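Participant: If you scroll down you'll find the structure; I have some questions about it.
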Amino acid sequence: MGDFVPLEVHSVNVSFESEYSKENKYKFIYGEKEDWRISGVGFVICQEEKLVVASGYHIKIFSINSIKDELVKPINLGNFRNEINCFSFRSDGKLIAVATKGGECDIIDIQTRSTLRRLIFEGESLTAITFSKDKSKIIGGTTNGKLIVWDIATGDKLIIKDIHNDIIKSIIFIDYEYNLDNDVINNNSSIDLSIDTFATCSYDGTIRLWCITKISNSSLNKLSEDKFELEFIKEYKHEAPVECLKYITPGILVSAGGTSVKLWNIKDKEENQSPILMNFCNFGRTVTSLDINGDIILAGSLDRNLSFLDIKSFEVLNSFHFLSGIQGVAISKNARYILIALEDGNWICRQKSVTLSNNLKKQDKYGRTKNIIRTGTLRYFRRGRNSKPDISHIKINAPKKKITQLDRLLKAYAYGKALDLALNISWLHVLTVLETLSSRGALHIVFKDISKDKLLIILKMLSRSIGRCNPSHYCIITEAIQHILNESNWQKLFPLNSDISKSITEITDAVKRLIHKVTLEIQQHNILKELDGMIELILSNYNDT
């Protein structure tokens, strides 16, 4: 027999992101209507996830309260001299670049709301903007197809070049292996091999790939400034004006233009093979915006539909219909929130509600399975509320009760303050406090050192509301009157220079009036009981006959 060799069990990585399915629903949590056309929406993570809406001359940045699922009061950025065309955040979320129709690009610190740098390209409007990967440059596109590269530190224009024949709509950085020509390398004494590659799209119907190379010409006696050059790599034809462009890590570009969304394979360098992986063409009107989360593409169109497209299965997973055409869409990093901007100036934020299956498990390194709970889907189980706890519930055997301020005062034995608070609320609260004090045997404490004004208020309130009391309350009122007469010593509370007889007569009359009303109410209840008995006797005799 051979030696025993244990099998190695590989752990299965389970995604903690919420999966999409046709059963997933997004509930409405917030929405507003802007006075101007919405020029852009998005999400950014800067210490916490934030929601961004740009329209007209201002930008609103909302913080998301994930516990209560609501938006916090926004931060307003509005010191712009021209209407906003687009915006872009730096990778760390601390700075935002805002491009306007006047050819200005303002770089703003989110925390201080101060403008750190204003970059200007006169004569043309900026329609696309983005930060470079090293955070040191800003790349912008104009209405005439020009590309401008600025140095943020100095504000100098490093590159100005015509790269398209129409409006540039999107600029995104990509991962692409590009080898420089030998002529470029040989003509320069030293060259920085860290090349920034990016893609642009335009209304001329093309998608083009570019790279920025940094060339450093230096010698022993003379040092010159670094030179930046723009190299063309490749072109793809979308066959319609391209509205939006996104990049997926494995080397796939997603473009939206006309009534189609196309997936491009930019890694495959064979000329004979078509670069188009998939063409989603089931849209009624122009597709205006895209956003990506994992393997899911959100596509918004002027036909008022928001579609969820799956990259792996190439099918439409879900769709939402709105009352107006969609101008922009965005999805948060954890896929919990989506943001939709409509043509009529409205924008809507929706939150995903997820139900977990019972077979959700995770394997450890020894092959053992255990139940897991996904982020953002915790639900609480309370005894008596649900039939039985689910796998995603957190069991709470003794939930903490919320107590009111009146209960808090009674719990702290502040009986006088509790009675004062009850007098400001209603007569029913006064009866409740008196009943609680009577059950604790502390009713005499309240009336021991009571003031004249408070005593009159209690007597008049009980006298007015005696007709609405239950018969069980009459015992409490009678006991309170006894403590007023025996414990309070109210005759000694009046000042010596006042009309003591008048004050005593006022309180005595109020007590007599209250006792008379209690007696009258008891008599009426007794009469009603006798009448009720007589009616029952008559009805029983009538039924026998």
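The values are calculated or read from the model by the stated rules, or taken from the named source; none is laboratory data. No experiment lies behind these values; they were computed from the predicted model shown. No Cβ is skipped: glycine too gets one built from the backbone with ideal geometry, and neighbour counts run over all protein chains shown.
Participant: Answer yes if at least one residue in the range 272-290 is more than 30 Å from the chain's Cα centre (by Cα), of a type outside the set (A, V, I, L, M) and part of a strand (DSSP E or B), and no otherwise.
Facilitator: Looking for residues that are more than 30 Å from the chain's Cα centre (by Cα), of a type outside the set (A, V, I, L, M) and part of a strand (DSSP E or B), one finds at least one in the range 272-290, hence yes.
Participant: While we're here: Can you tell me which residues in the range 75-118 are of a type in the set (Val, Ile, Thr) and without any contact (Cβ under 8 Å) to a residue 24 or more places away in the chain?
Facilitator: Hit for the range 75-118 is Thr112, nothing else.
Participant: Here's another thing I want to ask about it. Could you count how many residues in the range 308-357 are closer than 22 Å to Leu253 by Cα, polar (S, T, N, Q) and surrounded by 15 or more Cβ atoms within 10 Å (Cβ to Cβ)?
Facilitator: Of the residues in that region, 4 qualify.
Participant: From the list Ser313, Ser319, which residue is more than 17 Å from Ala240 (Cβ to Cβ), assigned to a strand (DSSP E or B) and among the hydroxyl-bearing types (Ser, Thr, Tyr)?
Facilitator: After ruling out the rest, the residue left standing is Ser319.
Participant: Evaluate the following for Asp291: is it modelled with pLDDT of 85 or more, out of contact with any strand residue (DSSP E or B) (no Cβ under 8 Å at 6 or more places or on another chain) and over 16 Å from Ser202 (Cβ atoms)?
Facilitator: Against the criterion (modelled with pLDDT of 85 or more, out of contact with any strand residue (DSSP E or B) (no Cβ under 8 Å at 6 or more places or on another chain) and over 16 Å from Ser202 (Cβ atoms)), Asp291 does not qualify.
Participant: Which residue out of Asp291, Asp310 is touching a residue at least 24 places away in the same chain (Cβ under 8 Å), charged (D, E, K, R) and over 19 Å from Gly258 (Cβ atoms)?
Facilitator: Asp310
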